[in-house]
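The values are calculated or read from the model by the stated rules, or taken from the named source; none is laboratory data. Owing to the predicted nature of the structure, the values given are computational and were not obtained by experimental measurement. Cβ coordinates were reconstructed from backbone atoms using ideal geometry, including for glycine residues, and neighbour counts include every protein chain displayed.
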Amino acid sequence: MSAEPTVHLNGEWLPLSQARVPVLDRGFIFGDGVYEVIPVYGRRPFRLPQHLARLARSLEAIRLEPPLDAPGWTALIDELLARNPGGDRSVYLQVTRGPASRDHAFPRAPAPTVFAMVSPLNPPDPALLEEGAAAVVLEDIRWSRCDIKSVNLLANILLRQQAVERGALEAILVRDGQVTEGAASNVFIVRDGEIRTPPTSRFMLPGITRDLVLELARAHGLPCREAPVSEAELRGADEIWITSSTREVLPVTRLDGRPVGGGPGPVWRRIMPLYQEYKRNLREAAEA
Ligand SMILES: Cc1ncc(COP(=O)(O)O)c(C=O)c1O
């Protein structure tokens, strides 16, 4: 990737440092917008139809007319990747309700802002995979539409920062005694050999990585279930994993300073190669 990436802003292609949005953009003033992060392995966006479907659902949930349809987004991403050649990358897409005079109510004729950029995607640090990550348990202080991938991430930021200040990589969130997700990830546990992750709801983002992990587990006969996980079950789990597009499937081996299992567990050691194989196939298909 060249030093200065080329980004897309409202139909124009510009060097990142020259991309500007008006200060009255509702994304800036209110956090009134949604986004997606799509990993790209080789030249292949990872699970693109699923990411675009989630973007469409987020736009529908905030009642913003989609500025592009799926073929339109696909063409935009193809051009973005062609203009920013490189290895593994991630595409960031953002749509806001655009500039308007400052009023909470929607503008009558919104002119959405569409922004897209590419960033390098570094594989998880092997040392971190070997040792596992630290996490803390925090109360989920967010709103009740966490299924919308909103750019308004203030609660997630405050939660993640609390985790960092306690020497942890992620905050695992609990609402009314039940695990929802991480500040920027979904959560899995393993108990007695069974993989479990909370069912989707308005209190969590339906992660694309989460779905793939469930798919891989089912395809390879690993017992797994979407069912509630209580805080007590989390604390007593044999294994804990967090999943996200950028973190992949990361074992959590310390929770609130206490060890989880004796390091990355045997079920994680089965799922991780399956995930890596899926990525490798995607890369090889792109090169073919
Ligand atoms: C709050 C939250 N939950 C879950 C995820 C995982 O989603 P995905 O696997 O689609 O990256 C993310 C990703 O950033 C997130 O921010």
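For the reader, a short list of remarks on this structure follows.
- Yes/no for Asp78 being of a type outside the set (A, V, I, L, M, F, W, C), within 30 Å of Arg283 (Cβ to Cβ) and without any contact (Cβ under 8 Å) to a residue 40 or more places away in the chain: yes
- Extreme residue, nearest to the chain's Cα centre (by Cα), among residues of region 105-160 that are away from the ligand (no atom under 16 Å from the Cβ) and among the acidic types (Asp, Glu): Asp125
- In region 89-108, the count of residues that are outside any loop (DSSP other than H, G, I, E, B) and surrounded by fewer than 15 Cβ atoms within 10 Å (Cβ to Cβ) is zero.
- Cβ-Cβ distances below 8 Å connect the following pairs, each with a first residue in region 242-257 that is in the same structural domain as Val213 (by TED's automatic domain parsing) and at pLDDT 95 or above, a second residue that is in a strand (DSSP E or B) and more than 16 Å from the ligand (Cβ to nearest atom), and a separation of six or more residues or different chains: Pro251/Glu239; Val252/Ala134; Thr253/Ala134; Thr253/Pro259; Arg254/Ala134; Leu255/Ala134; Gly257/Ala134.
- Wholly within region 199-288, helices (runs of 4 or more DSSP H) carrying at least 3 residues that are closer than 26 Å to Glu139 by Cβ: 208-219, 231-235
- Residue among Glu226, Glu233, Glu239 that alone is within 17 Å of Val187 (Cβ to Cβ) and buried (at least 20 other Cβ atoms within 10 Å of the Cβ): Glu239
- Region 172-182, subset surrounded by 24 or more Cβ atoms within 10 Å (Cβ to Cβ) and in contact with a Lys or Arg (Cβ under 9 Å, 6 or more places away or on another chain), residue nearest to Leu138 (Cα to Cα): Leu173
- A search for C-beta distances below 8 Å between a residue of region 136-165 that is part of a loop (DSSP other than H, G, I, E, B) and any residue that is near the ligand (Cβ under 10 Å from one of its atoms) and hydroxyl-bearing (Ser, Thr, Tyr), counting only pairs 6+ apart in sequence or on different chains, returns Asp140/Thr180; Cys146/Thr180; Lys149/Tyr35; Val151/Tyr35.
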